[in-house]
Amino acid sequence: MEISKQREEIANLIAAGATKAVNIALAELWGRERGPAVAGFLISCYEKLRGHLPFLPYRLAILRSYTVEPIVPLLRAAAFVNGIDLTVHLGEFNTYAQEILDGNNSLYKFKPDAAILAVQTRDIVPELWFKYPDLRMEDASAAIKRTASEFRNWAHVFRSHSKAHLIIHNLEQPALSSQGVFDNQSASGQYAAIRRINQELGELVHDVPGTYILDYDALVARHGRLRWQDEGKWLTVRLPIAAGQLINMAEEWLRFLHPLAGKIAKVLVLDLDNTLWGGIVGEDGIDGIRIGVEYPGAAFQALQRVILDLYRRGILLAICSKNNPEDAMAVLEKHPGMLLRPQHFAAMRINWVDKPQNLHEIADELNVGIDSLALLDDNPVERRRVRYDVPEVTVIDLPENPMEYARTLQECPVFERLTLSAEDRERPKYYVAERERAQLEQSSASREDFLLGLRQQAEVACVSSATLSRVAQLTQKTNQFNLTTKRYSEQEISRMVSLPEYQVYSMQVKDRFADNGLVGVAITRDRDSTCEVDTFLLSCRVIGRSVETALLSYLTDRARTRGNRELRGWYLPTKKNAPAREFYSAHGFTMVEQNDKGSLWQLDLSNLSIHCPEWIEVISTDGAQK
Amino acid sequence: MTLPTFERVQCIAADLFQVPAGSIAANSSPESIPTWDSVQQLNLILAVEQEFEVQFEPEELDHIRSIGDIVEQLQAKLASRL
């Protein structure tokens with residue numbers, strides 16, 4: 001028997017300790033067949049691999065008004081395939097409200113990382129679902145208001161008891177309105193009423209931090225309302241979702257769990273021939289490949305459009321492809337059908353070197369972990385090779401038909417994001433500018449020539465409400481060029497700003513290629529004519545361009561102006577901050593103290609100034625001193 | 001995959017209940033398989049529905065007490081589809 005033989009082979013691989021092979025075999029099995037039976041088998045296999053594979057543990061609570069038990073194994077199997085080991089706590093059937101409101105409930109004792117609140121329209125507002133035509137307008141309005149405020153209250157109470165993320169399903173429309181086609185002939189129909197509740201739910205996201213809306217109505221619509229539901233199962237076992245649709249519910253949940261658990265890809269690495277365009281440019285020539293508005297090139301253009309969407313979401317793009325670089329660059333630069341151009345790519349490896357090595361190089365060049373990469377490649381042999389040699393890389397399985405490429409990429413959960421800062425959105429541009437800088441550096445005669453050619457501008461300012469969150473973020477995230485590695489929250493920074501002895505400076509750096517954004521932070525404290533550097537850090541984005549000297553020069557001048565005689569600061573070594581080790585000695589400070597935590601450095605302000613390098617223009621916008 | 005209906009159901013049940021396929025017979029039931037509880041009964045029905053692209057009616061579900069019952073209901077459905 002084919003199936004049991006397959007199971008036997010996997011069992012043998014597990015017994016032999018061939019973890020990588022098992023992992024690949026299980027992922028391929030799941031790719032072919034995603035159902036309850038396979039899910040059961042997968043979970044039992046993966047549970048045996050715990051400790052041998054780097055699973056990310058995650059705890060999920062599901063609060064619900066209907067049967068979701070059969071979705072759980074599908075969700076756990078899919079999560080395992082993607083490297084997440086989910087522990088699931090199911091709330092009792094239809095007791096979600098009590099569970100949320102009671103701070104001693106097993107929900108909170110479970111200590112979830114995230115909770116899902118899945119409630120159906122007919123369970124929470126039965127009057128809108130079952131007897132809409134009987135309702136007077138004021139009854140409908142009251143029902144809308146009551147429902148929205150119930151959700152609001154649950155979200156607030158949940159937040160008061162737990163720090164976990166909360167994912168709220170919005171309410172689905174009936175497949176057929178109880179008013180028939182008349183429903184849409186006025187502004188007060190059944191559909192409009194449910195839409196209004198969903199609008200109010202959408203606002204909850206802004207009011208209660210860590211709350212997210214899952215657009216359940218859109219999910220049901222996407223898969224077809226009539227196909228989604230199974231009245232027979234609803235009426236007998238309270239399972240409203242048809243057997244074949246359960247996997248779609250599980251995968252939608254996973255699209256939230258990936259960004260929440262941090263299991264995300266930051267770089268999309270692309271193959272070229274038969275992935276970005278149809279055909280092989282080396283054989284078909286630039287005029288023979290298929291890419292453009294007409295079929296069959298349109299399928300590839302649709303894929304490129306989705307890739308551009310990801311680029312605008314802050315995901316870096318890279319090329320890893322076996323081509324002659326001249327052929328490939330000609331297409332990227334000149335082909336009229338291409339939407340992606342060289343400036344969209346943060347790194348390129350167009351050569352005949354094998355892909356695992358190229359992927360490692362791309363990760364190094366972009367300064368990200370290898371597990372931040374996702375590969376899109378039409379060639380199953382390459383995919384298998386990468387899965388085996390670099391298992392940390394997410395490998396996306398492309399279907400045979402290019403018309404399905406775009407959707408496959410859209411469905412990929414590792415590119416989902418639930419929050420997006422301005423910095424995140426601009427990230428791909430920083431990296432592309434970095435590539436251009438590297439080219440300038442190569443063509444410059446000396447290091448000084450290069451720095452002069454960069455035409456850097458450093459803008460130093462006191463922290464403001466607009467920059468507070470980024471400044472706090474940098475203290476929390478910066479590991480390399482960070483002299484003291486003190487982590488501060490926004491509240492702590494605000495408190496320092498309110499004290500006269502503290503100065504909190506931020507530095508923004510621009511050059512001819514890009515605005516690097518806010519990349520430097522310095523915090524100082526005056527005491528007895530001595531100004532002590534509490535924090536001094538630089539984002540790794542601008543390390544090695546001597547902007548740290550500009551910031552130090554600036555705060556030295558300010559410290560002197562405020563009447564200080566000395567400037568001193570600790571260097572507290574960590575595993576990662578070696579790049580900052582020579583900072584004080586290189587700028588003429590002398591060491592005055594050393595202990596097991598680090599070294600204290602001092603500069604006499606009366607006879608020494610720090611000169612800002614001539615290739616950096618410093619702009620001060622801090623206005624009057626505090 | 002063109003295995004006979006019984007063998008296909010047998011494989012599904014084996015995966016779900018975590019027992020060897022060979023140990024599942026027509027008279028296997030919740031009494032003979034300890035992991036066959038009410039949630040797994042539902043999972044079994046859903047798995048069969050998905051595998052064979054059929055849907056059981058509530059009345060039919062009431063009569064399912066063993067693997068043989070499922071196969072019987074299923075064969076009747078598949079026959080009426082021809």
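The values are calculated or read from the model by the stated rules, or taken from the named source; none is laboratory data. Source: prediction; values computed, not measured. Neighbour counts run over all protein chains shown; Cβ positions are idealised from the backbone, glycine included.
On the stretch given as segment A:567-579, residues that are modelled with pLDDT of 95 or more and not basic (Lys, Arg) total 6. Looking at segment B:50-70, is at least one residue of a type in the set (A, V, I, L, M), crowded, with 17+ Cβ neighbours inside 10 Å, more than 10 Å from chain A (Cβ to nearest Cβ) and not in a loop (DSSP other than H, G, I, E, B)? Yes. Selection of segment B:16-27 for residues being in a helix (DSSP H, G or I) and either more than 10 Å from chain A (Cβ to nearest Cβ) or modelled with pLDDT of 90 or more (or both) yields B:16, B:17, B:23. Those strands (runs of 3 or more DSSP E) of segment A:334-402 in which 2 or more residues are β-branched (Val, Ile, Thr) occupy A:394-397. In this structure, residue A:600 does satisfy being among the aliphatic types (A, V, I, L, M) and more than 34 Å from the chain's Cα centre (by Cα). Filtered by the rule that a residue be of a type outside the set (A, V, I, L, M, F, W, C), farther than 25 Å from residue A:297 by Cβ and surrounded by 19 or more Cβ atoms within 10 Å (Cβ to Cβ), segment A:392-416 gives A:394, A:413.
Listed by first and then second residue, the pairs with beta-carbon distance under 9 Å, at least 6 apart or on different chains, first residue in segment A:481-509 and in contact (Cβ under 8 Å) with a residue 40 or more places away in the chain, second among the aromatic types (Phe, Trp, Tyr) and assigned to a helix (DSSP H, G or I), are A:481/A:583; A:483/A:583; A:483/A:584; A:505/A:554; A:507/A:554. Based on what the data block shows, is residue A:488 aromatic (Phe, Trp, Tyr) and at pLDDT 95 or above? So residue A:488 fails the test.
So if I check each of A:564, A:595, A:607, which one is over 28 Å from the mean Cα position of the chain (by Cα) and under 19 Å from residue A:462 (Cβ atoms)?
On inspection, the qualifying residue turns out to be A:564.
Comparison of A:174, A:209, A:133 shows that the only residue that is under 34 Å from the mean Cα position of the chain (by Cα), at pLDDT below 95 and either farther than 24 Å from residue A:223 by Cβ or surrounded by 15 or more Cβ atoms within 10 Å (Cβ to Cβ) (or both) is A:209. Just wondering, is there one or more residues in segment A:5-13 that are within 14 Å of chain B (Cβ to nearest Cβ), surrounded by 17 or more Cβ atoms within 10 Å (Cβ to Cβ), at pLDDT below 90 and not in a strand (DSSP E or B)? Scanning segment A:5-13, I find at least one residue that is within 14 Å of chain B (Cβ to nearest Cβ), surrounded by 17 or more Cβ atoms within 10 Å (Cβ to Cβ), at pLDDT below 90 and not in a strand (DSSP E or B), so the answer is yes.
Here residue A:474 fulfils each of the conditions (1) part of a helix (DSSP H, G or I); (2) under 19 Å from the mean Cα position of the chain (by Cα); (3) modelled with pLDDT under 90; (4) more than 30 Å from residue A:298 (Cα to Cα) apart from (3). Residues that are more than 19 Å from residue A:549 (Cβ to Cβ) and hydrophobic (A, V, I, L, M, F, W, C) within segment A:571-590 comprise just one, A:572. Of all residues in segment A:45-79, how many are aromatic (Phe, Trp, Tyr), more than 14 Å from chain B (Cβ to nearest Cβ) and part of a helix (DSSP H, G or I)? Within segment A:45-79, residues that are aromatic (Phe, Trp, Tyr), more than 14 Å from chain B (Cβ to nearest Cβ) and part of a helix (DSSP H, G or I) number 0.
The residues of segment A:18-39 that are within 14 Å of chain B (Cβ to nearest Cβ), part of a helix (DSSP H, G or I) and within 28 Å of the chain's Cα centre (by Cα), listed by number, are A:26, A:29, A:30, A:32, A:39. Restricting attention to segment A:509-526, the residues that are at pLDDT 95 or above and surrounded by fewer than 22 Cβ atoms within 10 Å (Cβ to Cβ) total 2.
Yes or no, residue by residue, for (1) at pLDDT 95 or above; (2) under 16 Å from residue A:305 (Cα atoms); (3) under 20 Å from the mean Cα position of the chain (by Cα):
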position: A:393; (1), (2), (3): yes, no, yes
position: A:402; (1), (2), (3): yes, yes, no
position: A:417; (1), (2), (3): no, no, yes
position: A:420; (1), (2), (3): no, no, yes
position: A:423; (1), (2), (3): no, no, yes
position: A:426; (1), (2), (3): no, no, yes
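Can you say whether residue A:43 is within 26 Å of the chain's Cα centre (by Cα), crowded, with 17+ Cβ neighbours inside 10 Å and among the β-branched types (Val, Ile, Thr), as far as the supplied structure shows? So residue A:43 does not fit the description; no.
Okay, residues lined up against (1) buried (at least 18 other Cβ atoms within 10 Å of the Cβ); (2) under 23 Å from residue A:218 (Cβ atoms); (3) of a type in the set (Lys, Arg):
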site: A:99; (1), (2), (3): yes, no, no
site: A:106; (1), (2), (3): no, no, no
site: A:123; (1), (2), (3): no, yes, no
site: A:146; (1), (2), (3): no, no, yes
site: A:159; (1), (2), (3): no, no, yes
site: A:165; (1), (2), (3): yes, yes, no
site: A:169; (1), (2), (3): yes, yes, no
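Of the set (1) hydrophobic (A, V, I, L, M, F, W, C); (2) outside any helix (DSSP H, G or I); (3) over 20 Å from residue A:551 (Cβ atoms), all apply to residue A:440 but (2).
Against the test of being over 24 Å from residue A:74 (Cα atoms) and without any contact (Cβ under 8 Å) to a residue 40 or more places away in the chain, the options B:34, B:4 yield a single qualifying residue, B:4. Against the list (1) at the interface with chain A (Cβ under 9 Å from one of its Cβ atoms); (2) out of contact with any Gly (no Cβ under 7 Å at 6 or more places or on another chain), the condition residue B:9 fails is (1).
Every residue, every condition in (1) within 14 Å of another protein chain (Cβ to nearest Cβ); (2) small (Gly, Ala, Ser); (3) not in a helix (DSSP H, G or I), yes or no:
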{"residue": "A:226", "(1), (2), (3)": "yes, no, no"}
{"residue": "A:235", "(1), (2), (3)": "yes, no, no"}
{"residue": "A:246", "(1), (2), (3)": "yes, no, no"}
{"residue": "A:258", "(1), (2), (3)": "no, no, no"}
{"residue": "A:293", "(1), (2), (3)": "no, no, yes"}
{"residue": "A:298", "(1), (2), (3)": "no, yes, no"}
{"residue": "A:303", "(1), (2), (3)": "no, no, no"}
